[in-house]
Amino acid sequence: MSLVHRDGGGALHIEDVALDAVARQFGTPCYVYSRAALTAAYDGYRQALAGRDALVCYAVKANSNLGILDVFARLGAGFDIVSGGELARVLAAGGDPARVVFSGVGKSRAEMRAALAAGILCFNVESAAELETLDDVAGSLGKRAPISLRVNPNVDPKTHPYISTGLKSAKFGIPFEEALPLYRRARDLPHLEIRGIDCHIGSQLLDPAPAAEAAAKILGLVDALAGEGIALSHIDVGGGMGIRYRDEAAPTASEYLAPLLAVLAGRKEKLLFEPGRSLVGNAGLLLTRVEVIKHGAEKNFAVVDAAMNDLARPALYEAWHDIVPVKKVGAGDTAAETRRYEIVGPICESGDFLGHGRELALASGDLLAILSAGAYGMAMSSNYNTRPRAAEVLVDGATTHLVRRREEVAQLFALESVLPRP
Ligand SMILES: *Cc1c(COP(=O)(O)O)cnc(C)c1O
């Protein structure tokens, strides 16, 4: 399912809403999401997992807007969080704490207390030190903390090194060889309750084989634990399924999960998944307006009102996002000719680009849609250059919901102060 489509006149729409109307009403830059696309992505997992005892825990860090969390909470999703802040968001959006798993290499005591008080499903513990601290914190609250160990299966996911997490060299997870002794230690700690096992090997994975290989290694461990009388009630295989940004042969959820489910066939443990990108990435776009056209000596630049502070992925990973005009090509008031453009933001950094060498017919004032921006877009945005963060709009049929107001400049330094005056 494509996120956007054109009406008879060639105007770009998301569901039943014209994007130029969104820009007029809410301004630019503006993230626009589709409830139908979010639901379709979640349904992809639901269908792939039909007949299995499974829980899909949306990885909140991909896009933590309350409106998006609300959509998934209503669909019955669980959530994978990596901070106390994300826990607060899930609770504020009406998410069920009993379906929350807490990942992350550096949980603070305060975050542990908040998660224990909320009654989350499981802590995905990433080190021996965290295990001891969690036992201590749980004891001080008179509770037992439900735990999984996040095991590092040492599998190469063959993705970008910045989003590869399952290799021996990564900071994530517990080395495979240390997992068994650490489970024994967890069994002996009085304020812990062993629930499951967890792994997550990386992101934007297009080939399902590494995830299946990781699951097979994890299963070996599950059986070894059972042999010692440590029974697990769930197996969490993480997230990471890739999406199509350009021309990648991205798998459907069924295709991606099939080899993994084959490995896990006949298991009695509940299966947990932590997808982020694949649930939201292609359900959102970034709407931006061309401010200035510059025809340089060697290159043509279209300076737009969105920048690397709004969408960091191109600057950070040289990621490619499709960029399409909101008006039909050639339907502009000015009969602009098609040229190769560098699509850049106004930030004072040469790395501030959103797309290189795009063949477009552009005039200042034109609207552009930067596609596949629903994941790690707004979530990684910043206020660099004192730029207020974009508005966010969730489209549902013919209705638009403003799910985050555009920031105002005064808010950006409201917590700051000048030095005292004599
Ligand atoms: C980031 C992350 C995910 C989600 O990864 P995607 O590639 O967005 O699916 C899941 N689990 C953990 C532990 C993560 O850090």
Expected single match for surrounded by 21 or more Cβ atoms within 10 Å (Cβ to Cβ) and under 26 Å from the mean Cα position of the chain (by Cα) among 314, 346 is 314
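Do you know which of the residues in segment 1-54 that are among the aromatic types (Phe, Trp, Tyr) and part of a helix (DSSP H, G or I) is farthest from residue 65 (Cα to Cα)?
45
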Can you say whether residue 34 is of a type in the set (S, T, N, Q), within 13 Å of the ligand (Cβ to nearest atom) and either in contact (Cβ under 8 Å) with a residue 24 or more places away in the chain or surrounded by fewer than 20 Cβ atoms within 10 Å (Cβ to Cβ) (or both), as far as the supplied structure shows?
no
Filtering segment 291-306 for residues that are farther than 19 Å from residue 320 by Cβ and surrounded by 22 or more Cβ atoms within 10 Å (Cβ to Cβ) leaves a count of 0
Residue hits (segment 387-405; touching a residue at least 60 places away in the same chain (Cβ under 8 Å), in a loop (DSSP other than H, G, I, E, B) and either loosely packed, with under 15 Cβ neighbours inside 10 Å or of a type in the set (Ser, Thr, Tyr) (or both)) are 397, 398
Residue 351 fails exactly one of (1) surrounded by fewer than 22 Cβ atoms within 10 Å (Cβ to Cβ); (2) at pLDDT 95 or above, namely (2)
With criteria (1) in contact with a strand residue (DSSP E or B) (Cβ under 8 Å, 6 or more places away or on another chain); (2) closer than 20 Å to residue 291 by Cβ; (3) at pLDDT 95 or above, residue 332 comes up short on (3)
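Let's see how each residue does on (1) part of a strand (DSSP E or B); (2) touching a Cys at 6+ places or on another chain (Cβ under 8 Å); (3) within 30 Å of residue 300 (Cβ to Cβ):
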residue	(1), (2), (3)
339	yes, no, yes
346	no, no, yes
355	yes, no, yes
360	yes, no, yes
376	no, no, yes
385	no, yes, yes
407	no, no, no
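Across segment 176-205, which residue is modelled with the highest pLDDT among those that are out of contact with any helix residue (DSSP H, G or I) (no Cβ under 8 Å at 6 or more places or on another chain) and under 12 Å from residue 239 (Cα atoms)?
Filtering segment 176-205 for residues that are out of contact with any helix residue (DSSP H, G or I) (no Cβ under 8 Å at 6 or more places or on another chain) and under 12 Å from residue 239 (Cα atoms), the one modelled with the highest pLDDT comes out as 198.
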Within segment 78-94, of all residues that are within 13 Å of the ligand (Cβ to nearest atom) and of a type in the set (A, V, I, L, M), the one farthest from residue 400 (Cα to Cα) is 82
query = For residue 286, are the conditions met, namely being of a type outside the set (Asp, Glu), assigned by TED's automatic domain parsing to the domain that holds residue 401 and part of a helix (DSSP H, G or I)?
reply = no
Of those in segment 43-65 that are touching a helix residue (DSSP H, G or I) at 6+ places or on another chain (Cβ under 6 Å) and closer than 24 Å to residue 4 by Cβ, the residue nearest to the ligand (Cβ to nearest atom) is 62
Those residues of segment 98-133 that are of a type in the set (Lys, Arg) and within 15 Å of the ligand (Cβ to nearest atom) come to a total of 2
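The values are calculated or read from the model by the stated rules, or taken from the named source; none is laboratory data. Only a predicted model underlies this, so the values are computations on that prediction, with no experimental measurement involved. All Cβ positions, even for glycine, are placed from backbone atoms using ideal geometry, and neighbour counts span all protein chains on display.
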